[in-house]
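Asker: Once you've had a glance at the structure underneath, I'll fire off some questions.
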Amino acid sequence: MNAVLAQALGPTARATSWRPAAAAAGVLVLAALLTGWSDRPADTVLALAAAGLAAVVVSGLHDPAAALLAPVPVSPMQRRLLRLGLLGVPALLVWWLLTALTTTVGSSGPAPLVALTACGVAVTVWAPPKRAVLVGASTPVVLFALQALPTSGLVSDALVWWRTDPWWVLCAAVVACVAGRQR
Amino acid sequence: MTTTHTTTGTLLAAGALTKRFGPLTAVDHVDLALGRGVVGLLGPNGAGKTTLLRILATVLAPDEGSLSLLGMDPARPSSRTEIRRHLGYLPQSPSLYAGFTPLEMVDYVAILKEHTDRDWRRREARNVLEAVGLGDRMHKRIRTLSGGMKQRVALAAALIGSPDLLVLDEPATGLDPEQRIALRSVLAETADRGCVVLSTHNTAEVAALCQHVLVMDRGRICWSGTPTDLAAEAEGRVWESDAEEPTALRSWLTGPGRRRHVGALPAGTTPAVPTVDDGYLLVTRLSR
């Protein structure tokens with residue numbers, strides 16, 4: 001299987017749409033530079049970057065030839081992981097570039113990015129196939145936007161778990177992905 | 001219950017196969033037993049053909065019933081993977097990677113079918129592309145090809161690795177008459193060693209290609225037999241006239257002022273020679 005995935009890496013990279021990722025990275029680097037120059041804390045920019053990069057990584061799961069490839073022995077989950085690996089590594093590099101360009105008050109680790117990406121993937125796995133990637137890629141952006149809602153109590157806490165407790169969110173998302181590995 | 005046997009050795013067996021989408025039963029207690037040969041699935045739009053083919057291609061799991069493909073149970077993940085190593089599938093209106101060449105596209109599918117020998121894969125990809133008549137276009141970008149050529153690239157991808165079970169959803173869509181004839185040769189070769197199940201709206205295609213026909217309507221197999229048998233269903237029940245016939249089950253214009261009818265032959269009328277079209281129209285009408 002490793003030989004198959006290794007040989008599939010190159011063509012999968014060519015089959016992946018890189019333009020949205022490049023555009024998002026460009027915008028985020030520009031935003032980080034502007035924030036860095038103004039000498040303000042970049043926590044909001046990094047939270048936005050986590051949501052934007054996660055959305056871009058999840059949107060890379062869109063496979064135009066999915067119907068043709070549906071009954072190949074390499075499972076959809078393995079093909080998703082291949083694409084996630086291809087897009088996830090550059091996303092992490094962009095993240096580290098952003099953190100290098102800015103100053104933050106809190107933690108600047110990539111955990112929120114990883115947690116939001118995992119949430120998006122889990123939603124993609126379980127959403128109806130026709131709109132799965134669209135719904136999944138929207139998830140990180142929706143979670144980012146929901147922080148602004150005037151809520152209180154547990155709901156308020158839960159809406160920012162991806163920032164405050166990202167590794168638990170990651171665990172829950174991974175469990176959801178494993179449960180849906182045959183999908 | 002409908003059971004269809006082609007040649008010896010059952011490659012595909014289904015019992016009471018059922019698939020529902022909410023309140024709609026797309027496939028309703030379908031029974032099948034298919035061996036080597038080409039089996040055509042005919043039916044009106046919405047009859048459940050695509051859903052049935054997706055189940056047979058292991059893309060969709062049935063809600064009820066039993067299914068055995070190449071002697072294995074696709075409900076078991078390990079068996080499903082093994083079945084997929086010997087399965088070719090052409091979906092309805094397949095999308096491809098526009099920036100790939102046909103050779104790269106077919107090669108990529110071959111990789112995902114776990115063919116890791118690069119030389120063998122390239123040789124096989126060239127062979128299937130030659131077989132579908134794209135030998136001279138295999139290095140062009142897919143975005144520059146016509147709809148019919150893209151369809152043939154997808155067909156070549158389905159054929160890679162000489163599958164024992166080939167599931168094709170309207171494979172002749174977008175093909176010109178010459179390409180259709182080439183398709184027949186390709187499928188006949190595959191049918192020598194395995195089972196080909198294809199759906200089509202074209203009864204002439206079925207008559208030319210298939211050893212067996214399944215007529216599907218409202219999720220059920222309402223008729224099965226050979227193309228000759230299907231035409232024979234309309235024996236003595238098809239006629240032509242210049243006027244409308246209120247007693248006919250189906251009537252359609254065949255030329256200026258000339259109508260063809262299927263149904264109970266009126267007294268004193270000379271029956272016409274039945275075709276597969278006549279048989280199909282009669283069978284689908286009688287099933288309702």
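Asker: Look through A:Ala91, A:Ala145, A:Ala137, A:Ala158 and report the one residue that is assigned to a helix (DSSP H, G or I), over 12 Å from the mean Cα position of the chain (by Cα) and under 14 Å from A:Ala55 (Cβ atoms). Before the answer, list the steps.
Answerer: Values: A:Ala91 fails: over 12 Å from the mean Cα position of the chain (by Cα); A:Ala137 fails: over 12 Å from the mean Cα position of the chain (by Cα); A:Ala158 fails: under 14 Å from A:Ala55 (Cβ atoms).
Answer to the selection: A:Ala145.
Asker: If you check every pair at least six apart or on different chains, which have Cβ atoms under 8 Å apart with a residue in region B:113-136 that is at positive phi and within 12 Å of chain A (Cβ to nearest Cβ) first and a residue that is β-branched (Val, Ile, Thr) and assigned to a helix (DSSP H, G or I) second?
Answerer: Once the first residue is at positive phi and within 12 Å of chain A (Cβ to nearest Cβ) and sits in region B:113-136, its partners that are β-branched (Val, Ile, Thr) and assigned to a helix (DSSP H, G or I) give B:Glu114/A:Val4.
Asker: Say whether the condition of being part of a helix (DSSP H, G or I), within 14 Å of another protein chain (Cβ to nearest Cβ), out of contact with any Leu (no Cβ under 9 Å at 6 or more places or on another chain) and of a type in the set (A, V, I, L, M) is met by at least one residue in region A:50-72. Spell out how you get there, then give the answer.
Answerer: Here is the first cut: in region A:50-72, the residues part of a helix (DSSP H, G or I) are A:50-59, A:66-69.
With the extra rule that they be within 14 Å of another protein chain (Cβ to nearest Cβ), the set shrinks to A:66-69.
Now narrow it down to the ones that are out of contact with any Leu (no Cβ under 9 Å at 6 or more places or on another chain): A:66-67.
Right, trim to of a type in the set (A, V, I, L, M) and you get A:66-67.
Yes, region A:50-72 contains at least one residue that is part of a helix (DSSP H, G or I), within 14 Å of another protein chain (Cβ to nearest Cβ), out of contact with any Leu (no Cβ under 9 Å at 6 or more places or on another chain) and of a type in the set (A, V, I, L, M).
Asker: Can you tell me how many residues in region B:69-111 are buried (at least 19 other Cβ atoms within 10 Å of the Cβ), assigned to a strand (DSSP E or B) and either out of contact with any Pro (no Cβ under 8 Å at 6 or more places or on another chain) or facing chain A (nearest Cβ under 8 Å) (or both)?
Answerer: Result for region B:69-111: 4.
Asker: Go through (1) in contact with a helix residue (DSSP H, G or I) (Cβ under 8 Å, 6 or more places away or on another chain); (2) surrounded by fewer than 20 Cβ atoms within 10 Å (Cβ to Cβ) and name the single condition A:Val45 misses.
Answerer: (2) is the only condition that A:Val45 fails.
Asker: How about region B:43-68: which of its residues are at positive phi and assigned to a strand (DSSP E or B)?
Answerer: B:Gly65
Asker: Of these, B:Leu183, B:Leu165, which one is touching a helix residue (DSSP H, G or I) at 6+ places or on another chain (Cβ under 8 Å), within 14 Å of another protein chain (Cβ to nearest Cβ) and not acidic (Asp, Glu)? Spell out how you get there, then give the answer.
Answerer: Values: B:Leu183 fails: within 14 Å of another protein chain (Cβ to nearest Cβ).
Among B:Leu183, B:Leu165, only B:Leu165 is touching a helix residue (DSSP H, G or I) at 6+ places or on another chain (Cβ under 8 Å), within 14 Å of another protein chain (Cβ to nearest Cβ) and not acidic (Asp, Glu).
Asker: Name the single residue, out of those in region B:112-165 being touching a Leu at 6+ places or on another chain (Cβ under 7 Å) and part of a loop (DSSP other than H, G, I, E, B), that is surrounded by the fewest Cβ atoms within 10 Å (Cβ to Cβ).
Answerer: B:His139
Asker: Residues to consider are A:Arg19, A:Arg80; find the one that is within 16 Å of the chain's Cα centre (by Cα), without any contact (Cβ under 8 Å) to a residue 24 or more places away in the chain and within 14 Å of chain B (Cβ to nearest Cβ). Spell out how you get there, then give the answer.
Answerer: On the way: A:Arg80 fails: without any contact (Cβ under 8 Å) to a residue 24 or more places away in the chain.
That would be A:Arg19, the only listed residue that is within 16 Å of the chain's Cα centre (by Cα), without any contact (Cβ under 8 Å) to a residue 24 or more places away in the chain and within 14 Å of chain B (Cβ to nearest Cβ).
Asker: Conditions first: (1) closer than 19 Å to A:Gly85 by Cβ; (2) part of a helix (DSSP H, G or I); (3) among the small types (Gly, Ala, Ser). A:Ser17 passes all but one, so which condition is the exception?
Answerer: That leaves (2) as the condition not met.
Asker: Let me ask you something else. State whether the residues of region B:120-142 include one that is over 24 Å from the mean Cα position of the chain (by Cα), closer than 24 Å to A:His62 by Cβ and of a type outside the set (Gly, Ala, Ser).
Answerer: Yes, the conditions are met somewhere in region B:120-142.
Asker: Select from region B:234-251 the residues that are small (Gly, Ala, Ser) and either closer than 16 Å to B:Ala267 by Cβ or in contact with a Pro (Cβ under 6 Å, 6 or more places away or on another chain) (or both) and list them in ascending order. Before you say what the answer is, go through the steps one by one.
Answerer: Kept after step one, since they are small (Gly, Ala, Ser), are these residues of region B:234-251: B:234, B:236, B:241, B:243, B:248, B:251.
Residues satisfying the conditions are B:Ala234, B:Gly236, B:Ser241, B:Ala243, B:Ala248.
Asker: Mind checking whether some residue in region A:114-133 is assigned to a helix (DSSP H, G or I) and touching a His at 6+ places or on another chain (Cβ under 8 Å)? Quick ask: steps written out before the conclusion?
Answerer: Let us first name the residues in region A:114-133 that are assigned to a helix (DSSP H, G or I), namely A:114-126, A:129-133.
Keeping just the survivors that are touching a His at 6+ places or on another chain (Cβ under 8 Å) gives A:133.
So far as region A:114-133 goes, yes, one or more of its residues are assigned to a helix (DSSP H, G or I) and touching a His at 6+ places or on another chain (Cβ under 8 Å).
None of the figures in this text is laboratory data; all of them are computed from the coordinates on show. The structure displayed is predicted, hence computed values, not measured ones. All Cβ positions, even for glycine, are placed from backbone atoms using ideal geometry, and neighbour counts span all protein chains on display.
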